[in-house]
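What follows is a single structure, written as structure tokens, with notes after it.
Here, each number is a calculation from the coordinates, and none is a lab measurement. Note that the coordinates shown come from a computational prediction; the quantities given were computed from them, not determined experimentally. Every residue, glycine as well, gets a Cβ built from its backbone with ideal geometry; the counts of neighbours run over all protein chains shown.
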Amino acid sequence: MKQLAYLVFGSFFFLVLTNCKETPTIHVTDNFKEYFFPTDSLMPFIYVFSDEKKPLDERFMRMYRLQNDTDSSFVVEHFNSQFKITEGFTYMLNDSLTVKDHMIVDRDGLKRRTNLSDHYNFPIYAGMTSQFIADFPGVIDSTVMIKDSKKHIFDANFKYVLFDKEVSAILVKDTIRIIELNKTTEEMGESRVVTDNVYVKGYGLVEWGTEDKSVLYSLRTILSDKWWSENAQAPQVRF
């Protein structure tokens, strides 16, 4: 009976991932790759975001390019207000900016590589729905979490002011589903949220939050890696 339960769960888990997965519809015109983060610097740089309603609640993104003889990729690391890393993405610098590696910090405070089922995390074409699916261990041993993110360009001519200057921007809608599967009971729970994300040409992501703006983080400043090494002394995350 126990073997049958695992077989049923395994089949259901496969169906969830299969049904979630969609091949992006790609159009050859209107390439918005320039609205992704600037990817030329081998020296890390840091974006500092703060909540509009709680300015002391900050989030950080540390970004840098990796270059070797075989490929070139771009790393985006996410940190909370205590400078503790929470998530990381490694993008291939190809035509589609596919995610080749994704990391989260698990319930034990360990860095863990997730299993990727779909690799598109940025819609570089008008009419494209990018889909990113990752699964990883849940908060208890018997659960698995699935993150399913679908992004599309909602407004390709969005009006935005950055650092007191009107800039060229796009508004990207992100529909995020978090699915929790229990391997023992075969129960499933799901939460869903839609976020608004503003990308500026030459800067990348500069603002994100909920559609009703009850949560809204905006880019406040850009810092050097020297500042980061001198000030961002977070507790070490174990490997």
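Do we have any residue at all in segment 200-221 that's in contact (Cβ under 8 Å) with a residue 12 or more places away in the chain, within 17 Å of ASN121 (Cβ to Cβ), surrounded by fewer than 18 Cβ atoms within 10 Å (Cβ to Cβ) and hydrophobic (A, V, I, L, M, F, W, C)? No: segment 200-221 contains no residue that is in contact (Cβ under 8 Å) with a residue 12 or more places away in the chain, within 17 Å of ASN121 (Cβ to Cβ), surrounded by fewer than 18 Cβ atoms within 10 Å (Cβ to Cβ) and hydrophobic (A, V, I, L, M, F, W, C). In the set (1) farther than 15 Å from PHE122 by Cα; (2) in a loop (DSSP other than H, G, I, E, B); (3) not charged (D, E, K, R), the condition left unmet by LEU66 is number (2).
Among the residues of segment 89-98, are any part of a strand (DSSP E or B), among the hydrophobic types (A, V, I, L, M, F, W, C) and closer than 16 Å to THR39 by Cα?
Step one: filter segment 89-98 for residues part of a strand (DSSP E or B), giving 89-92, 98.
Checking the rest, the ones that are also among the hydrophobic types (A, V, I, L, M, F, W, C) come to 89, 92.
Now drop any that are not closer than 16 Å to THR39 by Cα, which leaves 89, 92.
Yes, segment 89-98 contains at least one residue that is part of a strand (DSSP E or B), among the hydrophobic types (A, V, I, L, M, F, W, C) and closer than 16 Å to THR39 by Cα.
The set of residues in segment 77-88 that are over 14 Å from the mean Cα position of the chain (by Cα) and either part of a strand (DSSP E or B) or charged (D, E, K, R) (or both) contains only LYS84. Among residues that are over 17 Å from GLU77 (Cβ atoms) and either among the acidic types (Asp, Glu) or in contact with a strand residue (DSSP E or B) (Cβ under 6 Å, 6 or more places away or on another chain) (or both), SER191 is included.
Quick one: how many residues across segment 28-59 are of a type in the set (Phe, Trp, Tyr) and in a helix (DSSP H, G or I)?
Let us first name the residues in segment 28-59 that are of a type in the set (Phe, Trp, Tyr), namely 32, 35-37, 45, 47, 49.
Then drop every residue that is not in a helix (DSSP H, G or I), which leaves 35.
Summing the residues that are of a type in the set (Phe, Trp, Tyr) and in a helix (DSSP H, G or I) in segment 28-59 gives 1.
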